[in-house]
Amino acid sequence: MSAVVADPRAALLRRRTAWTAAALLALLLAVVLSLAVGSRQLAPSEVLGALLHGGSGDAAQVVRDLRLPRTLIGLMVGAALALAGTVLQGLTRNPIADPGILGISQGAAAGVVLAIAFAGVHTLVGYVWFAFAGAGLAAVAVYAIASRGRGGASPVKLALAGAAVNALLVSVIHSVLTTDAATLDEFRFWNVGSIANRDPEVAARILPFLLVGAVLVVASARGLDALALGDDVARGLGRNIAAVRIVGGLGATVLTGAGVAAAGPIAFVGLAVPHIARALLGTDHRWLLPMAALLGPVMLLLSDVVGRIVFPPSEVPAGVTTALLGVPFLVALVRRKAVAV
């Protein structure tokens, strides 16, 4: 009786499907916890009642007016930063790349600082446009610098140009903040990174950008797989390297700009989530990108929930919590003998 040989592709598909389903369940759990946990604990039945049946009680108002906008922002920002980190790691073939590597996050921060200091903008809704513009200009500057000279915008040149632009933007930000105490006082609340007290209008404003960015990065998925084999091999496979980098980089810029504009700089989501997704699913970006879009919100929402309960009734901003949780991950990443990108 001959042994039946298992199809490795079918086994891989089953594993990927199972992990994707598990990520969906984890996301559902994170959403429920985000809506139910806080200074006032609510039962899941109260959360569902407020969402499905309305009502005017205290629980319904807490869920609809405070926690639902916060959860929506967490979903959108977590997905945006995770997708951007996945694409940037693929484009630069750099395992420690995240949305800050090309100066995008600092560009958004510079836009907010200049808006506060010189344009008289003092609301989160107003910050969105300036942060997004700053992120876009920073990304354009990095690509313009890296693309000059022989070899075009190679991964090494992109990283070096990003480091240079990042340093310049930090200098600009500090120059303004050290000479304007009022701007410093206002900027520090945004710069810490948080999804608390966000107006629903912020979510409405960044949603179109998130959708456009997601479409762009998904469109670059096959090109990212080819780039992982090296530029020469990618060209041999018929891929337009410049087009892949432009489309993927533009998508990552749009996603990062929108995410940072809405919540401020959130550390480690864009760094950690792509590695977790690769460990679960492998290196195929057609699976990696959807998984990152699921795991990013899980990480951000759970970090936000932890920040609500560690020092009650005060809260630790999500940007601080993700950094605290991300440090052990980064140490473990450094200690590994090999890191896949």
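Of the conditions (1) among the β-branched types (Val, Ile, Thr); (2) surrounded by fewer than 17 Cβ atoms within 10 Å (Cβ to Cβ); (3) not in a helix (DSSP H, G or I), Val327 clears all except one; give me its number.
The failed condition is (3).
So in the stretch 218-235, with the set limited to residues that are closer than 12 Å to Leu91 by Cβ and over 25 Å from the mean Cα position of the chain (by Cα), which one is most open to solvent (accessible area, probe 1.4 Å)?
Asp231
Hey, Phe118 hits all of (1) closer than 21 Å to Ser220 by Cβ; (2) open to solvent by 10 Å² or more (accessible area, probe 1.4 Å) but one; which does it fall short on?
Condition (1) is where Phe118 drops out.
Considering only residues that are part of a helix (DSSP H, G or I) and surrounded by 15 or more Cβ atoms within 10 Å (Cβ to Cβ), which ones fall in the stretch 173-183? Even if it seems obvious, please write down each step before you answer.
Going through the stretch 173-183, the residues part of a helix (DSSP H, G or I) turn out to be 173-179, 181-183.
Result: Ile173, Val176, Leu177, Thr183.
Test each condition in (1) at pLDDT 85 or above; (2) part of a helix (DSSP H, G or I) for Val233 and report the one that comes out false.
In the conditions (1) at pLDDT 85 or above; (2) part of a helix (DSSP H, G or I), Val233 misses (1) alone.
Please give the number of the condition Arg335 fails out of (1) in contact (Cβ under 8 Å) with a residue 24 or more places away in the chain; (2) of a type in the set (D, E, K, R); (3) open to solvent by 40 Å² or more (accessible area, probe 1.4 Å).
Condition not satisfied by Arg335: (1).
Kindly check whether there is at least one residue in the stretch 202-217 that is in contact with a Pro (Cβ under 8 Å, 6 or more places away or on another chain), under 19 Å from Gly100 (Cα atoms) and crowded, with 18+ Cβ neighbours inside 10 Å.
Checked the stretch 202-217: no residue is in contact with a Pro (Cβ under 8 Å, 6 or more places away or on another chain), under 19 Å from Gly100 (Cα atoms) and crowded, with 18+ Cβ neighbours inside 10 Å.
Give the stretch 292-310 a look and list any residue that's open to solvent by 60 Å² or more (accessible area, probe 1.4 Å) and β-branched (Val, Ile, Thr), or say none. I'd like the intermediate steps shown before the answer.
To start, the set of residues in the stretch 292-310 that are open to solvent by 60 Å² or more (accessible area, probe 1.4 Å) comprises 302, 309-310.
Matches in the stretch 292-310: Ile309, Val310.
Kindly evaluate Arg239 against the criterion of being more than 28 Å from Gly78 (Cβ to Cβ), in a loop (DSSP other than H, G, I, E, B), open to solvent by 70 Å² or more (accessible area, probe 1.4 Å) and out of contact with any strand residue (DSSP E or B) (no Cβ under 6 Å at 6 or more places or on another chain). Lay out the reasoning, then the answer.
On the way: more than 28 Å from Gly78 (Cβ to Cβ): yes; in a loop (DSSP other than H, G, I, E, B): yes; open to solvent by 70 Å² or more (accessible area, probe 1.4 Å): yes; out of contact with any strand residue (DSSP E or B) (no Cβ under 6 Å at 6 or more places or on another chain): yes.
Yes; evaluated as a whole, the condition is true for this residue.
Against the definition (among the hydroxyl-bearing types (Ser, Thr, Tyr), crowded, with 16+ Cβ neighbours inside 10 Å and out of contact with any strand residue (DSSP E or B) (no Cβ under 8 Å at 6 or more places or on another chain)), how does Thr17 come out, yes or no? Before the answer, list the steps.
Working: among the hydroxyl-bearing types (Ser, Thr, Tyr): yes; crowded, with 16+ Cβ neighbours inside 10 Å: no; out of contact with any strand residue (DSSP E or B) (no Cβ under 8 Å at 6 or more places or on another chain): yes.
No.
Go through (1) surrounded by 15 or more Cβ atoms within 10 Å (Cβ to Cβ); (2) at pLDDT below 85; (3) farther than 22 Å from Leu227 by Cα; (4) among the small types (Gly, Ala, Ser) for Gly111 and report which single condition fails.
The failed condition is (2).
For every residue, the table says whether it meets (1) open to solvent by less than 10 Å² (accessible area, probe 1.4 Å); (2) touching a residue at least 24 places away in the same chain (Cβ under 8 Å); (3) part of a loop (DSSP other than H, G, I, E, B); (4) within 26 Å of Thr20 (Cα to Cα).
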| residue | (1), (2), (3), (4) |
| --- | --- |
| Ala252 | yes, yes, no, yes |
| His275 | no, yes, no, yes |
| Ala279 | no, no, no, yes |
| Pro290 | no, yes, no, yes |
| Pro312 | no, yes, yes, no |
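Is it the case that Ala261 is modelled with pLDDT under 85, closer than 28 Å to Thr321 by Cβ, hydrophobic (A, V, I, L, M, F, W, C) and crowded, with 19+ Cβ neighbours inside 10 Å? Explain how you work it out, then say what you get.
On the way: modelled with pLDDT under 85: yes; closer than 28 Å to Thr321 by Cβ: yes; hydrophobic (A, V, I, L, M, F, W, C): yes; crowded, with 19+ Cβ neighbours inside 10 Å: yes.
Criteria met by Ala261.
Across the stretch 141-155, what is the total count of residues that are surrounded by fewer than 19 Cβ atoms within 10 Å (Cβ to Cβ) and either of a type in the set (Gly, Ala, Ser) or in contact (Cβ under 8 Å) with a residue 24 or more places away in the chain (or both)?
Step one: of the stretch 141-155, the residues surrounded by fewer than 19 Cβ atoms within 10 Å (Cβ to Cβ) are 144-145, 147-152, 154-155.
Now restrict to residues that are either of a type in the set (Gly, Ala, Ser) or in contact (Cβ under 8 Å) with a residue 24 or more places away in the chain (or both): 144, 147, 149, 151-152, 154-155.
So the count comes out to 7.
The values are calculated or read from the model by the stated rules, or taken from the named source; none is laboratory data. Keep in mind the model is a prediction, meaning the values are calculated, not measured. Cβ coordinates were reconstructed from backbone atoms using ideal geometry, including for glycine residues, and neighbour counts include every protein chain displayed. Just the protein is used for accessible areas: all its heavy atoms, side chains included, with ligands, DNA and RNA removed. Shrake-Rupley method; radii C 1.70, N 1.55, O 1.52, S 1.80 Å.
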